[in-house]
């Protein structure tokens with residue numbers, strides 16, 4: 001599978017929620033997320049060709065996600081992704097450490113998610129930086145359409161990962177984002 005998404009930076013969460021509600025969007029979650037990222041021991045995180053994380057939701061849901069190659073598609077990006085549900089964040093950490101992986105980053109963030117058809121909207125808020133809207137859909141065209149529909153066409157977008165956003169734009173330590 002692939003995910004195709006972009007981030008619209010520095011959005012007004014209340015205004016976006018109001019617009020999404022007016023479009024008939026369905027609210028699918030309002031959670032706190034805790035995420036641990038893993039890499040091979042001794043491999044620089046910037047030179048690794050893949051990403052592996054364990055993410056826990058405040059609702060009790062826990063998932064493992066592997067992300068592979070990235071392809072830029074205009075304002076969006078396409079990433080190969082494999083995701084599965086697991087029952088324990090701690091047991092997954094122990095398993096990954098047992099096979100030689102190490103935790104190199106930890107984040108906490110607030111996320112509110114909405115859905116219209118096959119397009120998902122995630123309003124993400126990390127400590128110490130402005131909220132952003134991540135729009136994920138079946139293609140670049142649908143994402144661009146939603147940016148226009150939400151009157152966000154003039155806002156800055158980011159088609160790279162959240163790590164580069166947090167480190168390069170906001171000059172924060174992505175490896176340790178905690179409330």
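All of the numbers you see were taken from the coordinates with simple rules; none came from a lab. In this text, all values refer to a predicted model and were calculated from it rather than measured experimentally. Glycine also receives a Cβ, built like all others from the backbone with ideal geometry; neighbour counts cover every protein chain displayed.
Numbers at a glance
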read-out: Antiparallel DSSP beta bridges within the range 2-177, percent to nearest 5; value: 95 percent
read-out: The chain: angle of helix 89-98 to the longest principal axis, Cα-based, in degrees nearest 10; value: 50 degrees
read-out: Label-point separation in nm, residue 179 to residue 156, each point 7 Å along Cα→Cβ; value: 2.5 nm
read-out: Tensor-based shape of the range 1-72 (alpha-carbon gyration tensor, a/c under 1.5 rounded, otherwise prolate or oblate); value: prolate
read-out: Cα centroid of the range 75-99 to Cα centroid of the range 1-62, whole Å; value: 13 Å
read-out: Burial order of peptide ranges 129-138, 50-59 (average beta-carbon count within 10 Å, highest first); value: 129-138, 50-59
read-out: Bins of 10 Å, starting at 0 and running to the largest distance - Cα pair percent for the range 2-177; value: 9, 36, 39, 14, 2
read-out: Estimated FRET transfer efficiency when R0 is 25 angstrom, pair residue 172-residue 61 (beta carbons, to 0.05); value: 0.45
read-out: Rel. contact order, % - alpha carbon contacts under 8 angstrom, at least six apart, the range 1-103; value: 30 percent
read-out: Computed [θ] at 222 nm, deg cm²/dmol, the chain (DSSP H ≥ 4; -39,500 (n - 2.57); rounded to nearest 500); value: -5000 deg cm²/dmol
read-out: Point-to-point label distance, residue 70-residue 106, nm (Cα→Cβ direction, 7 Å offset); value: 2.5 nm
read-out: Sites residue 94 and residue 10, calculated FRET efficiency, Cβ-Cβ separation with R0 35 Å, nearest 0.05; value: 0.35
read-out: Packing-based exposure ordering (other Cβ within 10 Å, fewest first) of 102, 11; value: 102, 11
read-out: Overall form of the range 74-155 per C-alpha gyration tensor (a/c, 1.5; a/b vs b/c); value: prolate
read-out: Mean Cα-pair separation over length for the range 2-177, i.e. relative contact order, pairs under 8 Å, 6 or more apart, %; value: 32 percent
